[in-house]
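Shown next, in structure tokens, is the structure this report addresses.
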Amino acid sequence: PMLTTAEIGRRGEDVAVGYLRSRGYIICAQNWRSGRYEIDIVAERDGVTHFVEVRARRAGALLSPEATINATKANAIRRAASAYIRECRIAGEVAFDLLAVDVFPDGNHDVRYVPDAVEFGW
């Protein structure tokens with residue numbers, strides 16, 4: 001059976017959390033919300049707070065996960081991060097990362113982690 005978009009999104013977030021944990025990140029928050037702001041994953045490693053946008057897509061989709069981040073989305077992520085930093089009193093360095101997950105029909109997946117994705121036009 002074909003996975004729904006919601007199922008692909010959930011699978012992508014689960015894969016992302018596992019990927020980050022396996023690389024020594026501590027997951028601080030998942031699907032954090034404040035008003036209209038949302039952050040997929042907030043993780044910490046080596047004193048840096050990472051705001052991670054997870055993009056999960058069916059493998060072979062026309063747009064790559066990276067291509068779905070536009071200026072509007074980037075600004076929303078920055079505003080959400082500012083709200084998180086205020087509410088949770090985060091001090092220190094922050095990074096805006098992208099974790100792209102391509103989900104294949106057989107359930108396998110590819111992960112691409114783009115650290116400091118801000119430098120990639122966010």
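The values are calculated or read from the model by the stated rules, or taken from the named source; none is laboratory data. Note that the coordinates shown come from a computational prediction; the quantities given were computed from them, not determined experimentally. As a convention, Cβ positions derive from the backbone with ideal geometry for all residues, glycine included, and neighbour counts pool all protein chains shown. What goes into the accessible areas is simple: the full protein's heavy atoms, side chains included, and nothing from ligands, DNA or RNA. Shrake-Rupley method; radii C 1.70, N 1.55, O 1.52, S 1.80 Å.
List of remarks:
- Most to least accessible of Ser82, Ser22, Ser34 (protein chains only, probe 1.4 Å): Ser22, Ser82, Ser34
- Residue-normalised accessible area of the chain, given per residue in Å² at a 1.4 Å probe: 57
- On segment 56-122, 52 percent of the accessible area sits on carbon and sulfur atoms, based on a 1.4 Å probe.
- Directionally averaged projected area (convex hull, Cα atoms, the chain), nm²: 7.6
- Spin-label pair Arg86/Ser22, simplified geometry with 7 Å Cα→Cβ offset, distance in nm: 3.8
- The chain - percent relative contact order, Cα under 8 Å, separation 6 or more: 25
- Full extension of the chain segment joining Ala59 with Thr72 gains 2.2 nm, where the gain is 0.36 nm per residue of separation less the Cα-Cα distance.
- Its Cα centre serving as origin, segment 32-122 has a Cβ charge dipole (Lys and Arg +1, Asp and Glu -1) of approximately 460 debye.
- Asp116/Glu7 FRET efficiency (R0 41 Å; Cβ-Cβ; nearest 0.05): 0.85
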